[in-house]
Amino acid sequence: LTNWVPFIHTKYMIIDALTENPTIITGSANFSEASTTRNDENMLIIQGDTLVADIYFTEFMRLFEHYYFRDRCNDPKFNGNRSSEDDLVLNETWVYPYYDPSNQLFRERCLFGSCV
């Protein structure tokens with residue numbers, strides 16, 4: 001570590017995560033000019049490894065859902081009076097995208113659960 005950066009952090013980019021040929025780009029590089037020309041950065045490109053893509057995608061979804069939930073809870077339009085029914089769909093239509101093979105939610109269901 002240096003005097004300039006007191007912590008280690010990584011970034012990643014996931015391309016076509018739920019396909020047969022995913023690409024994961026990970027490392028310390030910031031995708032900036034300084035990162036690619038002056039700084040001591042690293043970048044690893046992993047192509048075609050569906051297991052690695054599943055792991056990175058799962059971590060992405062964990063973080064995304066966590067911060068999305070926090071953001072929704074802090075939404076000022078609810079003024080602290082948010083109930084669990086605010087986003088509740090009271091019929092079966094909410095489930096349809098999870099069974100439509102052309103929908104991203106279907107692919108997520110297959111990754112995290114079962115395609116049966």
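The values are calculated or read from the model by the stated rules, or taken from the named source; none is laboratory data. As the structure is a prediction and not an experimental result, all values here were calculated from the model. Cβ atoms come from the backbone with ideal geometry, glycine included; neighbour counts cover every protein chain shown. Side chains included, ligands, DNA and RNA excluded: accessible areas come from the protein's heavy atoms. Shrake-Rupley method; radii C 1.70, N 1.55, O 1.52, S 1.80 Å.
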Just for the range 26-49: of the residues that are modelled with pLDDT of 95 or more and out of contact with any helix residue (DSSP H, G or I) (no Cβ under 8 Å at 6 or more places or on another chain), which one is nearest to LEU111 (Cα to Cα)? ASP49
Hey, can you tell me all the residues within the range 103-116 that are crowded, with 16+ Cβ neighbours inside 10 Å and out of contact with any helix residue (DSSP H, G or I) (no Cβ under 9 Å at 6 or more places or on another chain)? ARG107
Checking the structure you have, find out if any residue of the range 84-102 is surrounded by 13 or more Cβ atoms within 10 Å (Cβ to Cβ), assigned to a helix (DSSP H, G or I) and modelled with pLDDT of 90 or more. yes
Counting just the residues of the range 38-49 that are open to solvent by 90 Å² or more (accessible area, probe 1.4 Å) and free of Cβ contacts under 8 Å to residues at least 12 places away in the same chain, which one comes out farthest from ILE15 (Cα to Cα)? ARG38
